[in-house]
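The structure appears right after this line, and notes come after that.
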Amino acid sequence: MSILPYNGYVATEFDLNLLSFYRIQGQELPGLPGLLAVSPPRRAARGRQDDHLVIYLNLSGNMPFSSGEYSQITSQMAERFYQNPGSLTSALRATAETLNQVLLDRNMRSTGHGEYILARLVLGVLRGSQFIFVQSGPTHVFHLSGEKTGHIHDAQISGRGLGFGQTTPLYFSQVELSAGELLILSAALPPGWEDSLQKERGAASPESLRRKLATLTREDLNAVLIQVQAGSGKMNMLTSFKPAAEMALQSADQASPTKPLPELEPAPAPAGRPAAETPPASPPQATPSIPPRSEVIRASRFVRPIGSTRPQSAPVDGEAAPPPSQAGIRSRRFFAPREVANIPEISRPADNECSASHRRKIIFRGLARALQSGRGFSQSISNGIRKFLPRLLPDQPDGESPGISSSSMAFIAIAVPLLIVTIASMVYMRSGRAIQYDEHYTMAVSAAVGAISQDDKSVEYAAWERTISYLDQAEYYQVTQKSQALRQIAQTELDNLDAITRLEFRPAIVGGLDKTIRITDMAATEADLYLLDGPRGEVLRAFRTNQVTTNAPRYEIDPSFKCAPGTYGDQSVGPLVDLLALSNSNLYNNATLLAVDAKGMLLYCAKGLEPRAVPLPAPELGWKSLSAFTLDAESNTLYLLDPAGGAVWSYFWVKNKFEAPSMFFGEQVPQGMNSAIDLAARGSDLYLLFEDGHVTACIGGLRCVDPTPFEDIRPAYLSGAKVSDAVFTQMFFSGPSDPSLYMLASKTQAVYRFSARPDTLNLQGQFQPKVDQLKEQFTSPVTAMAVSPNHYIFLSMDNQVYYATDVP
């Protein structure tokens, strides 16, 4: 994403009116917890003066979390954002990372009880006419401009949310706003919303759109509708929308909800009493000139900063008490949808649970004392040497200086403290790191014990993830056989819950591929591997050799094989766009490979033979641009995908040729055909894959299920129109002996296997490289996959092809 640099003052051109969808068990509730609209305070950090912030936070899990705690944590996030100078992306990232660390710490403390809290987050900033936002977790943002609807959602980049581990998955985006446009923020998309929003055209009334969306489903709702109107940066939290003229009149007659408030300094907290317990000032009483509470958002008071939620205790002996000015937190010009006085404090662990922190404090205090003693010792040594060495030397005549020079004395004064520091560092490296390792390893063991005792698979999954997170921290200090063994157990359990089979992949091509080659598709037989070089539009053949490495075969490029663009006879072939291996070469002119260009020219290729070009009969209106094809071996039916033309054409093999085409679809044509990227056929059933990862199944050529739902068996994921942790880029049926549908998730280097049913695709499992290979070898997206009849899986990446054998 490209975000424009900040070059000083940026005039905000719009006001944002926010209206929430909040339904629980059929009851519509006002005031969505976790929603906060914020105007910049008077003393914002450099670069934040013109940033108007929207926070949309959704928490889930099995640990209680009150609406007061929602208000506390969102207010603290806003303060952290406006205290962070520099670029906008760094401020948004720092705010999200701080929230992630707070949730992770809280989850780790509750590991033994099997409790956890996870978060999905949308942080948005209105700057000028731009709305820049970041998503964490599979959230959805819709931008309704009147002419079209933009849907911003990428579950692979934004991840599963916050609170899972040390990493903070973030997906940055931005949209250009105009008056009258609408934004929809949703943590989990309710049924029917996506189709309805994609069909919205024209200037939609916000109130009518809200009623329409609310009536589409009876399920729980948690979402935000934002109306953009001309203004100067006001953030209005509403319970119903009013016409723009009425809103403008109201803004002129009434106090602005984002009017700057005076900077107030709360009285210092009494000694021994936590600063956050200082009673907040009473909110101002409503006057006739102030709008009802339902129309504007109320001012809130900040509590102590996020990440410092432990109450302030009495001063420790020998330590100075903090000055009174640090005991309280200044009130800021932030606005929340509810009153947040007397916010309950997020609970912290008991003193015995903080023993690790206490031990670290003892270690560092000990090191400080050692350094102080070292300085005193070095001074004593220096003074002793100064007095003792002259006695060892012959008497010096009067007026002559002693034998030891001032430079030697200076060297001794510097060298001795350095020696002490070196010794202290060695002690810490040997003892301190071991203590840190023991602490984190013990917490990992506790998390693993909590996972084993769980019956709820979702809770068990979260506990095993925390085990891995603790082990990452422990092995930062020390790697032991115990930590590696526990990691293996935790990773195996997570893989079982995720239905992952880990395979060992080996390099397939002897010597690798030329750096200019980029593989975009592959096809495999038991002995040969065919590679489509996308930039050149030609096919390479690799054959199995007798060379054996670690009991595995290797493949070598056949330089004599020819299957490329050119002129064959009186036919001209353009760059090839797709290929498939032929199992019955006698039927198809003795060819072992069939390829096609974008204009419908077929190219039959075989080892040792000159390619044969055969044009396919074109439809009456012709093709626009063919991008993929597939062959059903049972019926010898060829299917061609023309996404630009919004069609799929079928050809039957009759008398050694493909006869005139017929359009596969009748009256029911799937939506968005121009975004279709691949297809697969089995019998009379056709499956289409689209850019966003959803699939449409057309059963028997009569009816299409659009989209076809995925049945996800994994406890941490939901079934639906898409697989939440994967965007698929390729799919195919491997052969008659294997009825499974294989789909490639390029970014996560995974091959998913589904059982195709008439109305659903049931997840059977997925194949991924071993964890160490993912970290060391598979560092880029996979560009293509193939599965051979003898159950080899091939994956192409960069300038090499990898393969794994014995696929179950």
* Structure fact -> Residues in the range 740-756 that are touching a residue at least 40 places away in the same chain (Cβ under 8 Å), assigned to a loop (DSSP other than H, G, I, E, B) and surrounded by fewer than 22 Cβ atoms within 10 Å (Cβ to Cβ) total 2
* Asked: Just wondering, is there one or more residues in the range 145-155 that are within 19 Å of Leu36 (Cβ to Cβ), touching a strand residue (DSSP E or B) at 6+ places or on another chain (Cβ under 9 Å) and either at pLDDT 85 or above or of a type in the set (Lys, Arg) (or both)?
  -> no
* To do: Specify the residue that is nearest to Ser145 (Cα to Cα); the eligible residues are those in the range 225-239 that are buried (at least 19 other Cβ atoms within 10 Å of the Cβ) and of a type in the set (A, V, I, L, M, F, W, C).
  => Val228
* Provide a single number: the residues in the range 176-202 that are polar (S, T, N, Q) and open to solvent by 40 Å² or more (accessible area, probe 1.4 Å). => 2
* **Odd one out for Ala804, checked against (1) more than 24 Å from Ile677 (Cβ to Cβ); (2) surrounded by fewer than 22 Cβ atoms within 10 Å (Cβ to Cβ)** => (2)
* To do: Could you tell me whether any residue of the range 633-651 is over 32 Å from the mean Cα position of the chain (by Cα), within 19 Å of Ser740 (Cα to Cα), open to solvent by less than 50 Å² (accessible area, probe 1.4 Å) and acidic (Asp, Glu)?
  => no
* Asked: Limited to the range 679-695, what total is found for residues that are open to solvent by less than 20 Å² (accessible area, probe 1.4 Å) and in a strand (DSSP E or B)?
  -> 9
* Identify all residues within the range 14-40 that are more than 27 Å from the chain's Cα centre (by Cα), buried (at least 17 other Cβ atoms within 10 Å of the Cβ) and among the small types (Gly, Ala, Ser); write none if there are none. => Gly31, Ser39
* Looking at (1) over 15 Å from Leu513 (Cβ atoms); (2) open to solvent by 30 Å² or more (accessible area, probe 1.4 Å); (3) of a type in the set (S, T, N, Q); (4) in contact (Cβ under 8 Å) with a residue 40 or more places away in the chain, which is the one condition that is false for Thr779? -> (4)
* List every residue pair whose Cβ atoms sit under 6 Å apart, with the two residues 6 or more apart in sequence or on different chains, where the first one lies in the range 136-158 and is surrounded by fewer than 15 Cβ atoms within 10 Å (Cβ to Cβ) and hydrophobic (A, V, I, L, M, F, W, C) and the second, anywhere, is at pLDDT 90 or above and assigned to a strand (DSSP E or B). => none
* Members of the range 106-143 found to be within 15 Å of Ser186 (Cβ to Cβ), of a type in the set (S, T, N, Q) and part of a strand (DSSP E or B), listed by number -> Gln135, Ser136
* Odd one out for Arg703 among (1) free of Cβ contacts under 8 Å to residues at least 60 places away in the same chain; (2) open to solvent by less than 40 Å² (accessible area, probe 1.4 Å) -> (2)
* Structure fact -> Of (1) assigned to a loop (DSSP other than H, G, I, E, B); (2) more than 21 Å from Pro707 (Cβ to Cβ), Leu774 fails just (1)
* Residue that is nearest to Ala784 (Cα to Cα) [pool: residues in the range 570-591 that are of a type outside the set (A, V, I, L, M) and at pLDDT 90 or above] -> Asp578
* Structure fact -> Of all strands (runs of 3 or more DSSP E) fully inside the range 538-656, the set with 1 or more residues that are among the charged types (D, E, K, R) is 538-549, 552-557, 576-581, 593-597, 612-615, 628-632, 637-642
* Does the range 114-133 include one or more residues that are polar (S, T, N, Q) and either open to solvent by less than 10 Å² (accessible area, probe 1.4 Å) or within 30 Å of Asp706 (Cβ to Cβ) (or both)? -> no
* Glu659 being more than 30 Å from Gly61 (Cα to Cα) and either open to solvent by 40 Å² or more (accessible area, probe 1.4 Å) or modelled with pLDDT under 90 (or both) -> yes
* Asked: Taking Thr516, is it in a strand (DSSP E or B) and of a type in the set (S, T, N, Q)?
  -> no
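Residues checked against (1) of a type in the set (Asp, Glu); (2) at positive phi; (3) at pLDDT below 95; (4) in contact with a helix residue (DSSP H, G or I) (Cβ under 9 Å, 6 or more places away or on another chain):
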{"site": "Tyr752", "(1), (2), (3), (4)": "no, no, no, no"}
{"site": "Pro758", "(1), (2), (3), (4)": "no, no, yes, no"}
{"site": "Lys770", "(1), (2), (3), (4)": "no, no, yes, no"}
{"site": "Gln773", "(1), (2), (3), (4)": "no, no, yes, no"}
{"site": "Pro781", "(1), (2), (3), (4)": "no, no, yes, no"}
{"site": "Asn790", "(1), (2), (3), (4)": "no, no, yes, no"}
{"site": "Ile793", "(1), (2), (3), (4)": "no, no, yes, no"}
{"site": "Tyr802", "(1), (2), (3), (4)": "no, no, yes, yes"}
* Write out, first by first residue and then by second, each pair whose Cβ atoms fall under 8 Å of each other, whose residues are 6+ apart or on separate chains, and whose first residue, in the range 167-188, is on the phi > 0 side of the Ramachandran plot while the second is crowded, with 21+ Cβ neighbours inside 10 Å and of a type in the set (A, V, I, L, M). => Gly180/Val228
* Failed item, numbered, when Leu594 is tested on (1) open to solvent by 20 Å² or more (accessible area, probe 1.4 Å); (2) at pLDDT 90 or above; (3) not β-branched (Val, Ile, Thr) -> (1)
* Somewhere in the range 603-611, is a residue within 28 Å of Lys199 (Cβ to Cβ), of a type in the set (A, V, I, L, M) and buried (at least 21 other Cβ atoms within 10 Å of the Cβ)? -> no
* Asked: Could you list, in sequence order, the residues of the range 657-675 that are within 15 Å of Pro619 (Cβ to Cβ), touching a Leu at 6+ places or on another chain (Cβ under 7 Å) and part of a loop (DSSP other than H, G, I, E, B)?
  -> Phe664
* Asked: Taking Gly146, is it part of a loop (DSSP other than H, G, I, E, B) and either at positive phi or β-branched (Val, Ile, Thr) (or both)?
  -> yes
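The values are calculated or read from the model by the stated rules, or taken from the named source; none is laboratory data. Every value quoted in this text rests on a predicted model; they were computed, and no experiment measured them. Counting neighbours? That spans all protein chains shown, and the Cβs are built from the backbone with ideal geometry, glycine included. To get the accessible areas, we keep the full protein, side chains included, count just its heavy atoms, and leave off ligands, DNA and RNA. Shrake-Rupley method; radii C 1.70, N 1.55, O 1.52, S 1.80 Å.
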